[in-house]
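All remarks here apply to the structure that follows.
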Ligand SMILES: NC(=O)c1ccc[n+]([C@@H]2O[C@H](COP(=O)([O-])OP(=O)(O)OC[C@H]3O[C@@H](n4cnc5c(N)ncnc54)[C@H](O)[C@@H]3O)[C@@H](O)[C@H]2O)c1
């Protein structure tokens, strides 16, 4: 089978590509080829399975047609611009996160092969007057353009599935932490940088109080859930193809304590506390707990403790210290 990862140059896309290349199977079949598609040239991946890379702009239907071809069995749609950028540039957010999603689904429809499509949504689809905790039947009322674009993507995944054009499934990713690489334009970026930078001996700014609660998942567990998400049988999913991916609720203080438990007291001393009203305005709408009962019952999982997240970062992603 052939697996296409759109957004394959991004943090999750790269890790998913590596995991699938090492695993060699998906949905009970051998993977013959993995294709990483992205607007930037994805970093190559080596493994037992051949991994190709291709440059694709999902906002351009002709470009999408080069990647979404009839021999593709499973499509991961991870390409997106992140929350802070979609909020500050509304046109760009709608062009990539909504029109780009439509372009990919339309091309999948045109194939006539009903490929599996795994869509990465976000818990930013929730907001406004919601119960706490949020459950599987809480209405979606996003309070950012990014969240609105993801919520519309979920409706499209359900509708294209209902029509028999795709076998879709969408998962609302928790905030992924500890995210490797550099800080990005996501409003949640600090939820990794306050750990990642200090673990690398660098200073970091925390823009919220230490009792700020939020819902997290490690990159490693996110990838396992995306693999599992593609494998769930269509009949087990029913008509509502979109759900919360499991995570766990921790406060900033618990994140820092977990870092200290794993890496000692020095990293925490590198955190500076500095209120940032624009970041606070967005993330204060994300303070509730979530229940992912449906995904848990379908075999997806969360990390056991935030200490695991810190350990996974050190094992999988922390750059080697200079000799
Ligand atoms: N990381 C998180 O905390 C988190 C939380 C919730 C949801 N998500 C969602 O999960 C997905 C993956 O997240 P990530 O952390 O790997 O993000 P990322 O920014 O690292 O990766 C996204 C990739 O999409 C690519 N891209 C952007 N515009 C494109 C276009 N027009 N055409 C093709 N590719 C384009 C980017 O170049 C990038 O490589 C995204 O859809 C994101 O919205 C992530």
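The values are calculated or read from the model by the stated rules, or taken from the named source; none is laboratory data. These figures come from a predicted structure and were not determined experimentally. Cβ atoms come from the backbone with ideal geometry, glycine included; neighbour counts cover every protein chain shown.
Only one of 246, 265 is part of a loop (DSSP other than H, G, I, E, B) and buried (at least 16 other Cβ atoms within 10 Å of the Cβ); which?
One residue alone meets the criteria, 246.
Looking at (1) closer than 30 Å to residue 29 by Cβ; (2) modelled with pLDDT under 95, which is the one condition that is false for residue 126?
(1)
For the range 164-192, enumerate the residues that are near the ligand (Cβ under 10 Å from one of its atoms), in contact with a strand residue (DSSP E or B) (Cβ under 8 Å, 6 or more places away or on another chain) and in a loop (DSSP other than H, G, I, E, B).
Correct list: 174, 177, 188.
Out of 151, 79, 108, 70, report the one residue that is surrounded by fewer than 18 Cβ atoms within 10 Å (Cβ to Cβ), at pLDDT 95 or above and touching a helix residue (DSSP H, G or I) at 6+ places or on another chain (Cβ under 8 Å).
So the residue among 151, 79, 108, 70 that is surrounded by fewer than 18 Cβ atoms within 10 Å (Cβ to Cβ), at pLDDT 95 or above and touching a helix residue (DSSP H, G or I) at 6+ places or on another chain (Cβ under 8 Å) is 70.
Looking only at the range 93-105, count how many residues are surrounded by fewer than 23 Cβ atoms within 10 Å (Cβ to Cβ) and near the ligand (Cβ under 9 Å from one of its atoms).
2
Would you tally the residues in the range 19-45 being in contact with a strand residue (DSSP E or B) (Cβ under 9 Å, 6 or more places away or on another chain) and within 16 Å of the ligand (Cβ to nearest atom)?
13
Is there any pair with a first residue in the range 42-71 that is free of Cβ contacts under 8 Å to residues at least 12 places away in the same chain and a second that is assigned to a loop (DSSP other than H, G, I, E, B) and surrounded by 15 or more Cβ atoms within 10 Å (Cβ to Cβ) whose Cβ atoms are under 8 Å apart and which are 6 or more apart or on different chains, and what are they?
63/56; 63/57
When you check residue 35 against the structure, is it crowded, with 16+ Cβ neighbours inside 10 Å, under 19 Å from the mean Cα position of the chain (by Cα) and touching a residue at least 60 places away in the same chain (Cβ under 8 Å), yes or no?
In short, no.
Which members of the range 214-239 meet the condition of being more than 16 Å from the ligand (Cβ to nearest atom), at negative phi and modelled with pLDDT under 95?
239
Quick one: residue 299 ticks every box in (1) in contact with a helix residue (DSSP H, G or I) (Cβ under 6 Å, 6 or more places away or on another chain); (2) crowded, with 18+ Cβ neighbours inside 10 Å; (3) farther than 17 Å from residue 205 by Cα except a single one, so which number is it?
Residue 299 satisfies every listed condition except (2).
Hey, can you tell me all the residues within the range 39-63 that are in a loop (DSSP other than H, G, I, E, B) and crowded, with 16+ Cβ neighbours inside 10 Å?
39, 42, 45, 47, 49, 56, 57, 58, 59
I'm trying to understand the selection: among the residues of the range 116-148, which are over 14 Å from the mean Cα position of the chain (by Cα) and either buried (at least 21 other Cβ atoms within 10 Å of the Cβ) or within 16 Å of the ligand (Cβ to nearest atom) (or both)?
Selection gives 116, 117, 126, 127, 134, 140, 142, 143, 144, 145, 148.
Whether any residue in the range 67-84 is farther than 25 Å from residue 186 by Cα and assigned to a helix (DSSP H, G or I) is what I want to check.
Yes: one or more hits.
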